[in-house]
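Reading through the structure tokens given below for one structure.
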Amino acid sequence: MPYVDRQNRICGFLDIEENESSGKFLRRYFILDTQPGSLVWYMDNPQNLPIGADCVGSLKLTYISKVSDATKQRPKAEFCFVINAGMRKFFLQANDQQDLVEWVNALNKATKITVPKSCNAQQNVENQKALLDILGPRKQVSYRTDIIGGVPIITQTQQEGGEGQEGSERELLRRSYSQLPYFLGRPTQDRAVIKSGYCVKQGAVMRNWKRRYFLLEDNTMSYFKSDLEKEPLRMIPLKEVHKVQECKQSDIMMRDNLFEVVTTSRTFYIQADSPEEMHSWIKAVSGAIVAQRGPGRSAATMRQARRLSNPCIQRYTARIGECSTD
């Protein structure tokens, strides 16, 4: 779902057909900014890209005449809508029907040209401020401007890292909400998948942020390098999770939609693509923990129950108690 970030810009992931009539949609992160009057898209959320990384493409809002549902024009592309800009049409895919409606409404509202009356001029100014903010400074890179149907289309002509890096990034930035690649890529082995999708996770050593494919099952939460990998990079047993909640340090880390999974040995900081997705993950993980332990049973209660059910642990605990002087 599109959301307003900490800079009051409308942001979110969409799939775009960058090459017209190619039928190939690529995952991109969009920022709608009405103050400079532009719609820009990046390979990923700029927070996850190197400092100074520039956008992949941009479109002036003044060139947009209409944004509408395109399911009839592209019946094979689910939740598809089209941006009409002169003779060029940009086809995009939303995550679901509600996502489609909200993006269409936001774009049409941002591109609507009105002459406000004196009585409601202040209201129009407030609406503009609520939508967008000025984009930050950008690195000097080369661009190509194509005139298509009388409309200038600006695209970046060079990208650091070459085709190999771009190909790997495209693979990692597949549709985050889709669970289909998981079932095609690896057998289910009678495991119940509660939730899956892409999130961004902070590393334990270097403290860098990387996009990972997360999988929540009955007893574990795992993450993979991509949704095509069969072996997880790590499995987190839910019995070791003390709590999962929205991160209180999100302002310090300068990360939107950040939540934390607190375990016995480590706290995992995970960034979702939207506030709705963040709350969905928190609810799903919390629900799986409750289902595993039973209602009203905390992690401490579970450890105590396991200790009391094991005679060896009871005898060891008793000896420690006899020797203790505290």
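Worth a mention:
- Packing, as the average of other Cβ atoms within 10 Å across residues, places the peptides 261-272, 230-241, 39-50 in the order 39-50, 261-272, 230-241, highest first.
- Intensity falloff of the stretch 37-98 expressed as log10 I(q)/I(0), Debye formula with alpha-carbon point scatterers, at q = 0.21, 0.27, 0.28 Å⁻¹: -0.93, -1.10, -1.12
- Average accessible area per residue (Å²) across the stretch 1-121 - probe 1.4 Å, nucleic acids and ligands excluded: 47 Å²
- Difference of contour (0.36 nm per residue) and Cα-Cα distance, R88 to K239: 49.0 nm
- In this simple spin-label model, placing a label point 7 Å from the Cα along the Cα-to-Cβ direction at both K248 and E20 gives a separation of 5.4 nm.
- Distance-filtered residues of the stretch 209-247 - backbone nitrogen under 14 Å, label point 7 angstrom along S280 Cα→Cβ: 214-216
The values are calculated or read from the model by the stated rules, or taken from the named source; none is laboratory data. The model shown is predicted, which means the values in this text are computed figures rather than measured ones. Glycine gets a Cβ as well: all are built from the backbone with ideal geometry, and neighbour counts include every protein chain shown. All accessible areas refer to the heavy atoms of the entire protein, side chains included, with ligands and DNA or RNA removed. Shrake-Rupley method; radii C 1.70, N 1.55, O 1.52, S 1.80 Å.
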